[in-house]
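Single-structure report; data block below.
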Amino acid sequence: MSATTAPAGTTRGIPARQILRGAILIAILLLALLPLLNHLPADSAFRVSDFTVAVTGKWICYAVLALAIDLAWGYAGILSLGHGAFFALGGYAMGMHLMRLIGPRGVYGHPVLPDFMVFLGYRELPWYWLGFDHFPYAILMAMVVPGLLAFVVGYLSFRSRITGVYFSIITQAMTYALMLAFFRNDMGFGGNNGFTDFKQLLGVPLNTQGARAGLFYAALALLAGSLVLCRHIVGTKLGRVLVAVRDAESRVRFLGYSVTAFKLTVFVLSAVLAGLAGALYVPLVGIINPGEFAPGNSIEAVIWVAVGGRGTLIGALLGAFSVNALKTWLTSVAPDLWLFVLGGLFVAVTVFLPRGLIGLFRSAAK
Amino acid sequence: MEKRAAGQPAARTIMTRILPLLLVLLFALPAAAQDAFLDALPGLAGGFGTQAEAVERLGAGGDARALPVLRALSDSTLRKNGSTVILPDGTDAATGRPADTAGAETVRINNRVRSALRGALGRLQLVSAHADERYAAADSVFRSRSADNVAPLEAAIARESVPRVKERQQLALAASRLVAADAAVKRQGIATLGEASSEDARALLLEARAANPDMTAEIDRAVASIDSRLTFKRAAETLFQGLSLGSVLLLAALGLAITFGVMGVINMAHGEFVMLGAYTTFVVQEACRGIPWLLPWSLPLSVPAAFLVAGLAGTALERGLIRHLYGRPLETLLMTFGVGMILQQAVRLAFGAQNREVLSPAWMQGILSLPGGINITQNRLWVIVFSLLVLGLTLAAIRLTRFGLEMRAVVQNRRTAATMGIRTGRVDALTFAFGSGLAGMAGVALSQIDNVSPNLGTGYIIDSFMVVVFGGVGSLIGTLVGAMGLGVLNKVIEPWAGAVLAKVAVLVIIMLFIQRRPRGLFALKGRAAEA
């Protein structure tokens, strides 16, 4: 584990750290402009398409997920290969709310039951669907369910000192098991079709510029909030203990710290962030299905962090945006190549660029 | 027969006297049957009552020529011209010569004729030359439940030589006896059914129970006897399926037990090495197509080929990339995952995304019927044998060879081993190649029971890791016990939880199990455990 707190280099008197901070601020401001540019007349050179707004919004949600992973992996050394599951669970919580809001507008026109339940012959709403017609409850569940799962899995694992790759494999098995479970029709979550065909959220029809812009800003606010929260955490004593756990877990334990409690705290927090990201992701893309639980998704999210540079927070954002931008571009230009490039990124970043793009930037600034 | 007769002169004279008589009868029989066929045939052109009677007679006659006629009748392609019955190809059914089709009309039938037809067709097929057709016929007779079938079935059983068909015919005979008027015959039927071990026989008996209140006790006894045998059969089959799944897991996990368990290198591309092995099997098979005598042996040939291909890929991966990441397991995990992705996509582009067909050689196909009605598919049995063989060879390689000795030395203490003159880098490469080669061999076995597609390996990788963790990292015996245990556990849970929930349940069980024994079933003790 290489040290990540490299001394801040300077370029012509300005600290590299400040350059970075300025760049982030500019980037966020530019991002905030996107939905406004979407409102320009169609023939304007600066007009941004609906697609761009939706896709960028999606990336912002991914960036929050990457941030959550970086907090656990980069600082506490907990490599979870199951964060996609927390993301998807948050998404499902929001999806359930959106399904309830469809109301009698479904194909079968049932006042309460979503279409797939009518189709599968449900008589009434299963008990775990109750309450999801309220937005605050859905948001609460998008945090509680992933948090609870992370607590159970984390508690069982950290308590018996399952660390490193063993924990990674356990979490991968967890998301795999959830994927299998959610593919089942009798789970009451729409089987392999998942949820889609949403109509509205908070009284606003979803397929409008206004709704997209609202979701976009909500995601951006979540990203900014998460970033501030994570920065705060890594700056406090908690953050220092986490780094110590990452670098020498046994020593921290011998010093009298409860490693389990520290790890559990950061893991649950990370899962809650991932759940919130998922909850905003679903209305933006308009669909959630069990494919989101695929182990490949989680590990792809980990590679965003690795590409950007882990243990830096900013690197997670950088990685999430750059890899996804590359993916969006490449899958439209040369779809066959994408998996080669992604696989190549895994290899390149671990073997040649262990500190990611941020590391590259820092050594250039020195 | 000959031998016994020689020792008993009296019997021999009887034989010599009876034999000519038998021969005469044998020759006379077809002639008589032919007459019966020709006699019955015009009846088909008559009214429905006459038709049904004629159908019964044709079915009872057992003449092979009746089969096409009755089939045509049931397909509504049989025609008649006066009393001449005309086959679909325009020939007179009686003479086989072209018939006068002018003014011919289709023979129509009603439900009574149709039901007679079903039984008659079944009975006629009992004498078919094909075992499969005879089996199907016995099946349909079993279902038609008519006491008239007793005589033809008895005759068929006497002639039958294929055990599988004979068994089915006996079941059908018992079923037919069950509906006979004679109570003694009925009891005989119940007793025979009671010895069967099939759901059908059970259902049949339960049905008969309602119709025969006087025989309730016997029937109940027969059902109970079937039930106990069915329970045993199910348990045995579950065990076999569990062992079969376990052997697959064992094959996939064995290589992992070497690379992950012994070397501590986590190779997420392991599943892709399995997939490479399966595709090697496919390529070897295609290469053998040109040489017909070699084709049945393409599978055994694939085993060393797959070992080499996957082993070489493993060596390249270890020397080229993994070597630089020793001591950084999380990075190794990510890197190898990327390599797996690249391999998968490369194979997808080279061979296409659809499944490739790898044939099973004839000697691996078929079903092995054990006593008690337990059916075992042979290729799965071969996979079990193969997996145990591979395990044995692996153990031997580690315990008995120079390479195994060096490998264990490097694992226990790398620096001391190096000081003793062991080239640790070379041992690393060979060990990794060995583990990867085992994955390739697993691919050969998997090609026999799973679809050969680019994502073949992804389905097994997580389970294989679970096996290694469950069994205890670094212990091959642990891998064996872990694989078989998880396989059987999976199949035991499956019947009442469904395949998916069984998998989920097994994962949960493993997680809870790790709470008690974080280092697996067969944990290493002493210094190696903390390494």
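The values are calculated or read from the model by the stated rules, or taken from the named source; none is laboratory data. Because the structure is predicted, anything quoted here is derived from the model rather than measured. Cβ placement follows ideal geometry from the backbone for every residue including glycine, while neighbour counts extend to all protein chains displayed. In case anyone asks, the SASA skips ligands and DNA or RNA and just uses the protein heavy atoms, side chains included. Shrake-Rupley method; radii C 1.70, N 1.55, O 1.52, S 1.80 Å.
Condition check for residue A:335 on (1) closer than 29 Å to residue B:348 by Cα; (2) modelled with pLDDT of 85 or more; (3) of a type outside the set (Phe, Trp, Tyr): one failure, at (2).
Against the list (1) away from chain A (no Cβ under 14 Å); (2) in a loop (DSSP other than H, G, I, E, B); (3) touching a Pro at 6+ places or on another chain (Cβ under 8 Å), the condition residue B:360 fails is (3).
Quick check: anything in the stretch B:175-197 more than 20 Å from residue B:154 (Cα to Cα) and under 30 Å from the mean Cα position of the chain (by Cα)? Within the stretch B:175-197, one or more residues are more than 20 Å from residue B:154 (Cα to Cα) and under 30 Å from the mean Cα position of the chain (by Cα). Screening B:498, B:425 for residues that are within 23 Å of residue B:398 (Cα to Cα) and either assigned to a helix (DSSP H, G or I) or open to solvent by 10 Å² or more (accessible area, probe 1.4 Å) (or both) leaves exactly one candidate, B:425. Exactly one residue out of B:312, B:400, B:370, B:405 is open to solvent by 40 Å² or more (accessible area, probe 1.4 Å), away from every other protein chain (no Cβ under 13 Å) and closer than 23 Å to residue B:298 by Cβ: that is B:312.
Among the candidates A:198, A:119, A:183, the residue that is of a type in the set (A, V, I, L, M, F, W, C) and surrounded by 21 or more Cβ atoms within 10 Å (Cβ to Cβ) is uniquely A:198. Exactly one residue out of A:281, A:257 is more than 14 Å from the chain's Cα centre (by Cα) and of a type in the set (Phe, Trp, Tyr), and it is A:257.
Of the residues making up the stretch A:132-147, those that are under 17 Å from residue A:189 (Cα atoms), open to solvent by 20 Å² or more (accessible area, probe 1.4 Å) and either among the aromatic types (Phe, Trp, Tyr) or without any contact (Cβ under 8 Å) to a residue 60 or more places away in the chain (or both) number 2.
Of the residues that make up the stretch B:316-324, is at least one under 29 Å from the mean Cα position of the chain (by Cα) and either closer than 26 Å to residue A:346 by Cα or more than 8 Å from chain A (Cβ to nearest Cβ) (or both)? No, the stretch B:316-324 contains no residue that is under 29 Å from the mean Cα position of the chain (by Cα) and either closer than 26 Å to residue A:346 by Cα or more than 8 Å from chain A (Cβ to nearest Cβ) (or both).
Checked against the criteria, residue A:158 counts as more than 28 Å from residue B:499 (Cα to Cα) and at pLDDT 85 or above.
Of the residues making up the stretch A:73-97, those that are in contact with a Lys or Arg (Cβ under 8 Å, 6 or more places away or on another chain), open to solvent by less than 10 Å² (accessible area, probe 1.4 Å) and not in a loop (DSSP other than H, G, I, E, B) number 2.
With the structure loaded, tell me whether residue B:376 is modelled with pLDDT under 80 and open to solvent by 80 Å² or more (accessible area, probe 1.4 Å) or whether it fails that test. No.
Residue A:165 fails exactly one of the following numbered conditions: (1) more than 14 Å from chain B (Cβ to nearest Cβ); (2) among the hydrophobic types (A, V, I, L, M, F, W, C); (3) touching a Leu at 6+ places or on another chain (Cβ under 7 Å). What is the number of that condition? The one condition residue A:165 does not meet is (1). The combined condition, being at the interface with chain B (Cβ under 7 Å from one of its Cβ atoms) and either closer than 19 Å to residue A:73 by Cα or open to solvent by less than 30 Å² (accessible area, probe 1.4 Å) (or both), is not fulfilled by residue A:150.
Tally up the residues in the stretch A:322-343 that are more than 12 Å from chain B (Cβ to nearest Cβ) and aromatic (Phe, Trp, Tyr), please. The number of residues fulfilling the criteria is 1.
Which residues, taken from the stretch B:89-109, are more than 17 Å from residue B:58 (Cβ to Cβ), part of a loop (DSSP other than H, G, I, E, B) and of a type outside the set (Val, Ile, Thr)? If the condition is that a residue be more than 17 Å from residue B:58 (Cβ to Cβ), part of a loop (DSSP other than H, G, I, E, B) and of a type outside the set (Val, Ile, Thr), then B:89, B:90, B:97, B:99, B:100, B:102, B:103, B:104, B:108 are the ones that fit.
Take the stretch B:462-485 and flag every residue that is part of a helix (DSSP H, G or I) and more than 12 Å from every other protein chain (Cβ to nearest Cβ). Residues satisfying the conditions are B:471, B:476, B:477, B:478, B:479, B:480, B:481, B:482, B:483, B:484, B:485. Those helices (runs of 4 or more DSSP H) of the stretch B:175-281 in which 3 or more residues are at pLDDT 75 or above and more than 26 Å from residue B:165 (Cα to Cα) occupy B:216-256. The residues listed here are B:67, B:44; of these, the one that is aliphatic (A, V, I, L, M), part of a helix (DSSP H, G or I) and closer than 16 Å to residue B:109 by Cα is B:44.
Would you check if residue B:443 is under 17 Å from the mean Cα position of the chain (by Cα) and among the small types (Gly, Ala, Ser)? No: the conditions fail for residue B:443.
Residues in the stretch B:35-75 that are in contact with a Pro (Cβ under 9 Å, 6 or more places away or on another chain) and open to solvent by less than 10 Å² (accessible area, probe 1.4 Å) were compared, and the one that is farthest from residue B:121 (Cα to Cα) is B:54. Within the stretch A:79-89, not a single residue is within 14 Å of chain B (Cβ to nearest Cβ) and touching a Cys at 6+ places or on another chain (Cβ under 8 Å).
For every residue, the table says whether it meets (1) within 14 Å of chain A (Cβ to nearest Cβ); (2) buried (at least 24 other Cβ atoms within 10 Å of the Cβ); (3) of a type in the set (A, V, I, L, M, F, W, C); (4) more than 27 Å from the chain's Cα centre (by Cα).
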| site | (1), (2), (3), (4) |
| --- | --- |
| B:250 | no, yes, yes, no |
| B:258 | no, yes, yes, yes |
| B:278 | no, yes, yes, no |
| B:329 | yes, no, no, yes |
| B:333 | yes, yes, yes, yes |
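What about residue B:487, is it modelled with pLDDT under 80 and not assigned by TED's automatic domain parsing to the domain that holds residue B:413? No, not satisfied. Residues of the stretch B:505-518 that are over 12 Å from residue B:466 (Cα atoms), modelled with pLDDT under 80 and part of a helix (DSSP H, G or I): B:512, B:515, B:516. Candidates in the stretch B:280-302 are the residues that are open to solvent by less than 30 Å² (accessible area, probe 1.4 Å) and over 23 Å from residue B:260 (Cβ atoms); of these, the one that is nearest to the other protein chains (Cβ to nearest Cβ) is B:282.
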